[in-house]
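Participant: One structure, pasted below without further comment.
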Amino acid sequence: MIRLIIGRLDYRGINGPPAITFKDYDGSVRLDGVPDMELKPLTRLIINKLFNVLNIQFDASSVKRLGDVFEYCMQCTWFSGFVSFVDDALPENAIATIPIPMIEPASTLIGLALAFNNPNFEAELYSDLWPQITDALAQARALGLRLTIHTSILDINRVYVFDEVVRRYIRLPRIDVLGNTTEFTNKVEVAGENYRTPTIQANPVKVEPSLTEPRVDEGVLNAVRALGTELGGVATLKALSDLVGSEAVIRAVVTGYLAYNPGDLTLRLSSKGLALLGTINEEEGMGEGEEEEKQGSEGET
């Protein structure tokens, strides 16, 4: 899982060990410098990607160790003085704090090199260059790397490469509020997988009226059945009232199963009435099928 933490350096982004971080945590192993590790082919590819973004003319394809990148790249000499390399190996079961300045591009360059070169470690780094290297982050996600990036940059169009985004909530007060107090409570909002996939699937809701519903009485059923099957769906008020009675017609109109047109004194089935008629026909068809099956079984005996 890869995570983005925006504006919250006090937010712990790793849960190791084993883990690599640029921040000091209690109980971690503090190294004197950056391990001068031998680079894997994919790590060299990531370094070349960063150099391409930064328009640095250097090919790291043939570089063996991380320290050689800073030594042989002429355009890297201006920030190489802030980085010291050591021969210490990373501890196998600890959180290793590696002194990396939060100054670009050293922070992103060293942080991603450590992350890709040590896939068994959970890595934490600072990067404001992340919006320009989303392809590298997608590669990290595809490889199953555990990577946390702290940043001050929010690019809402590119955050979807992350599994989880933690953002500091900043309140912008009105000027009249500032006149009273300057103390505000900061909050943290987290958007991640829990907000993407619903944990409870909604049960399907049956919208068709049911014959067992108490509001559909026998008179309304007779009115809908008579208008839909015997009178072709349209009839005068008098014709339908003569068949089922005026009270049943009034209840069917009031409950919305029949639509009454006072202009020509006609009645029609509403969409609600059509749904009820379909339910009536289905249940009557099932009843007829059961009766035929019963008669067939009696004939066989």
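Bear in mind these aren't lab numbers, they're just calculated from the coordinates by the rules spelled out. What you see is a predicted model, and the numbers here were worked out from it, not measured in a lab. We place every Cβ from the backbone using ideal geometry, glycine too, and count neighbours over all the protein chains shown.
Participant: Could you give the dipole magnitude of the stretch 218-287 about its Cα centre, charging the beta-carbon of Lys and Arg +1 and that of Asp and Glu -1, in debye to the nearest 20?
Facilitator: On the way: 5 positive and 8 negative charges, 50 e Å.
Roughly 240 debye, rounded to the nearest 20.
Participant: A further question on this structure: How many nm separate the modelled label positions at ASP36 and ASN157, each set 7 Å beyond the Cα in the direction of the Cβ?
Facilitator: 4.3 nm
Participant: Collect residues whose amide H, placed 1.01 Å from N in the peptide plane, falls under 5 Å from the amide H of GLU122; neighbours closer than 5 in sequence don't count.
Facilitator: So GLU122 has HN proximity to ALA19, ILE20.
Participant: What is the local net charge at GLU122, summed over the other residues whose Cβ is closer than 12 Å to its Cβ (Lys, Arg +1; Asp, Glu -1)?
Facilitator: Net local charge, GLU122 excluded: +2.
Participant: Same structure, new question: Using θ = phi - 60° and the Karplus form 6.51 cos²θ - 1.76 cosθ + 1.60, what ³J(HN,Hα) does each residue of the stretch 69-81 get, whole Hz, x for Gly and Pro?
Facilitator: So the Karplus estimates, Gly and Pro as x, are 4, 6, 7, 8, 7, 5, 7, 9, 5, 5, 10, 5, x Hz.
Participant: Please give the contour-minus-distance gain from PHE82 to MET1: 0.36 nm per residue of separation, less the Cα-Cα distance, rounded to one decimal in nm.
Facilitator: Result: 26.1 nm gained on full extension.
Participant: Same structure again: Amide H of PHE85: which non-local residues (sequence gap of 5 or more, or other chain) have their own amide H closer than 5 Å, using H built in the peptide plane?
Facilitator: Residues meeting the criterion, in which the H sits 1.01 Å from N, are VAL34.
Participant: Which whole number of Å³ per residue matches the convex hull of the alpha-carbon atoms in the stretch 37-158? Don't jump to the answer; show the numbers that get you there.
Facilitator: Values: hull volume 13.0 nm³, N = 122.
Each residue corresponds to 106 Å³ of Cα convex hull volume.
Participant: Using each residue's phi in the stretch 44-59, evaluate 6.51 cos²θ - 1.76 cosθ + 1.60 at θ = phi - 60° and report the 3J(HN,Hα) Karplus result to the nearest Hz, with x for Gly and Pro.
Facilitator: Computed from phi, the couplings for the stretch 44-59 are 5, 5, 5, 5, 5, 4, 5, 4, 5, 5, 8, 6, 9, 8, 7, 10 Hz.
Participant: Just to check I understand the Karplus step: with θ = phi - 60° and J = 6.51 cos²θ - 1.76 cosθ + 1.60, what whole-Hz values come out for the stretch 227-235, glycine and proline as x?
Facilitator: Ordered by residue, 3J(HN,Hα) equals 5, x, 9, 9, 10, x, x, 9, 7 Hz.
Participant: Let me ask something else about it. Using the charge dipole of the stretch 1-147 (Lys, Arg: +1 at Cβ; Asp, Glu: -1 at Cβ; taken about the Cα centre), state which of SER84, LEU31, LEU112 has its Cα farthest towards the positive end.
Facilitator: Of the listed residues, the answer is LEU112.
Participant: For the stretch 218-287, taking Cα atoms only, what is the radius of gyration to one decimal and the Dmax to the nearest whole Å?
Facilitator: Considering the stretch 218-287 through its Cα atoms, Rg and Dmax are 11.1, 39 Å.
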